[in-house]
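Down below is the structure, laid out as structure tokens.
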């Protein structure tokens, strides 16, 4: 059986290094290119890469994806910072390509389940807020996972009355960022990796759903699932849960 030829962008970063290690350790994938800032993307073509994993930065990922779509190379993206306008643009690029793209706010299997559980609980509570915690080197706030969780919660609460909140900000930002109507609070502390807690409140009770990633290795099973399945999912697929559903 031929191996999937994989390239990695952002290969010198912490996530990129973990992806390179994970790909090399498999029996069905082959690492053919490991590129970082200022490296020539044409090496992805000359190396015969069939799938490229991008863990770069929000400022460079769009150009990378445009290159991959133009050269019919499948993409798996863990870089965050995508809004609906950017996703629409990328979808059009890959619709015009022979390649597909998977973009996931989080590749941790437990994190994906946390988001699904939060969406399931959302219609049953009057109030909900999200607290996301990451290392201080993280480039964006709120995290892509928190944004995606808030969007899923908002969809699940569609048609419900607005959440009760009579508080006024004495200082701007005291109530966090408003993402799809859900307050999101971002914490950046040395020693953390990636963590998120969704807190629901109702009359006389609360429910907390929390996910913790203690090591970047936790994201690798999800990355490898996307590498193996991206060729089967036409166009843009947003969210790892859509790939997990292929097994159900």
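The values are calculated or read from the model by the stated rules, or taken from the named source; none is laboratory data. Worth saying up front: this structure is predicted, and the values here are computed from it rather than measured. Please note: Cβ atoms are built from the backbone with ideal geometry, for glycine as well, and neighbour counts cover all protein chains shown.
Before moving on, here are some points about what is shown:
- Considering the stretch 173-224, and only residues there that are surrounded by 13 or more Cβ atoms within 10 Å (Cβ to Cβ) and without any contact (Cβ under 8 Å) to a residue 24 or more places away in the chain, the residue that is farthest from residue 80 (Cα to Cα) turns out to be 175.
- Of the criteria (1) part of a helix (DSSP H, G or I); (2) crowded, with 16+ Cβ neighbours inside 10 Å; (3) out of contact with any helix residue (DSSP H, G or I) (no Cβ under 6 Å at 6 or more places or on another chain), which one residue 155 fails: (2)
- The listed residue being touching a strand residue (DSSP E or B) at 6+ places or on another chain (Cβ under 9 Å) and under 21 Å from residue 137 (Cα atoms), out of 226, 231, 177: 177
- Test: residue in the stretch 199-207 that is closer than 26 Å to residue 54 by Cβ and not in a loop (DSSP other than H, G, I, E, B): no
- On the stretch given as the stretch 83-116, residues that are in the same structural domain as residue 232 (by TED's automatic domain parsing), over 20 Å from residue 227 (Cα atoms) and within 13 Å of the chain's Cα centre (by Cα) total 1.
- Of the helices (runs of 4 or more DSSP H) entirely within the stretch 1-79, those holding at least 3 residues that are surrounded by 14 or more Cβ atoms within 10 Å (Cβ to Cβ) and in contact (Cβ under 8 Å) with a residue 60 or more places away in the chain occupy 14-24.
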